[in-house]
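Encoded as structure tokens, the structure appears first; notes follow it.
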Amino acid sequence: MPKDSTLIVPRIEDLDMIVFDVDGTLMDRDGMPIGLIDLVKRIEARGVTISLASGRTLPNLTPIHQALGLSGFIIAENGGVLWDGPRGQEIELRADGDRCRESIEWISTQMPGIDPSGIESNRWRETEWCISGSHDVDAMRELLESSKWSDLRVVGTGFAIHVTERGVNKKTALEIMLRRRGIKPDRVLSCGDGLNDVPMFELTGHSIAVNDRFDGVRTAAKSCTSRKGPEGVIEILTALNAGQG
């Protein structure tokens, strides 16, 4: 349903964990805003664990996790890679990235203009493959559906176009990681800005979008911030620390 301009946050006492997307949420092209790290540390000090769920690769996310001093886990590659370093869990891969790369190489022969080498971080990707540019996502999906890679799916996030296996997303990954931590989804707040965040919005008891540019994101989240991106995260964390909700 459409959201009004009033941010609704849960009481901090009703949360065991907050799960943040990264690009367009915790940070943008200018990095993290001043004050965000301090607010994150104050939330963790009050007993709420913070985790990351992103389309980025694990090598891209571990420095962010360390810089913020988080006690939560990391979901990388949109659910393809799981790692809970603070609990001693080894890295777990949930998909075959080679097939995803091969499918993009084939699509590039059908859709001129697509660079199959994709984005720079592909050098670290293990469970999916990504390209950049304003390509026709629907056309890519149609091509895959009639190919030997029909089990794969295409997801546009606003930052890149991801190809991965069906059933691998932030929701299914989060279900696994929350179960291992013994945390109930209804005591989790998820925050994001893209269509790849919608699955985890559907799982968690609380969800906030920090950008309303995509209708599907705005309507899937239980609330929206008035400010965009990382500034919206500042808005959320300030409200939680102030005890609003």
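In table form, for the structure just shown:
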item	result
Charge dipole (region 11-135, unit charges on Cβ, about Cα centre) - positive-most of 114, 63, 104	63
Residues 16, 136, sorted so that the one with the fewest Cβ neighbours within 10 Å comes first	136, 16
Extension gain, residue 195 back to residue 66 (0.36 nm per residue minus Cα-Cα distance, nm)	43.8 nm
Cα-derived Rg to Rh of the chain, Kirkwood definition	0.97
Computed label-point distance, nm, for sites residue 138 and residue 37 using a 7 Å Cα→Cβ extension	4.5 nm
Along each principal axis, Cα extent of region 62-127, largest first, Å	45, 22, 15
Computed helical MRE - 222 nm, the chain, DSSP H runs ≥ 4 contributing -39500 (n - 2.57), nearest 500	-9500 deg cm²/dmol
Reachable lysines, given that their alpha-carbon falls under 27 Å from the alpha-carbon of residue 228 and they are not under 8 places away in the same chain	3, 41, 170, 171
Rg and Dmax of region 29-152, Cα atoms only, in Å	17.6, 53
Over region 97-165: Kirkwood hydrodynamic radius from C-alpha pairwise inverse distances, Å	11.6 Å
Neighbour-count order for 214, 201, 73, fewest beta carbons within 10 angstrom listed first	214, 201, 73
Fewest-first sequence of 162, 65 by Cβ atoms within 10 Å of each Cβ	65, 162
Segment residue 242-residue 180, extension gain: residue separation times 0.36 nm, minus the distance between their alpha carbons	19.3 nm
Residue 30 paired with residue 11, simple spin-label distance in nm, labels 7 Å along Cα-to-beta-carbon	3.6 nm
Potential lengthening between residue 109 and residue 91 on full extension [0.36 nm per residue; Cα-Cα distance subtracted]	3.1 nm
Ellipsoid semi-axes in whole angstrom, largest first, where each is sqrt(5λ) of the Cα gyration tensor of region 83-226	28, 20, 13
Cα centroid separation - region 114-174 against region 1-80, whole Å	24 Å
Two-site label geometry, residue 117 and residue 146: point separation in nm, points 7 Å out along Cα→Cβ	3.1 nm
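Read-outs: derived from the displayed coordinates by stated rules, not from any lab. Since we're looking at a predicted model, the values are computed, not measured. Don't worry about glycine lacking a Cβ; one is built from the backbone with ideal geometry, like all the others, and counts go over all protein chains shown.
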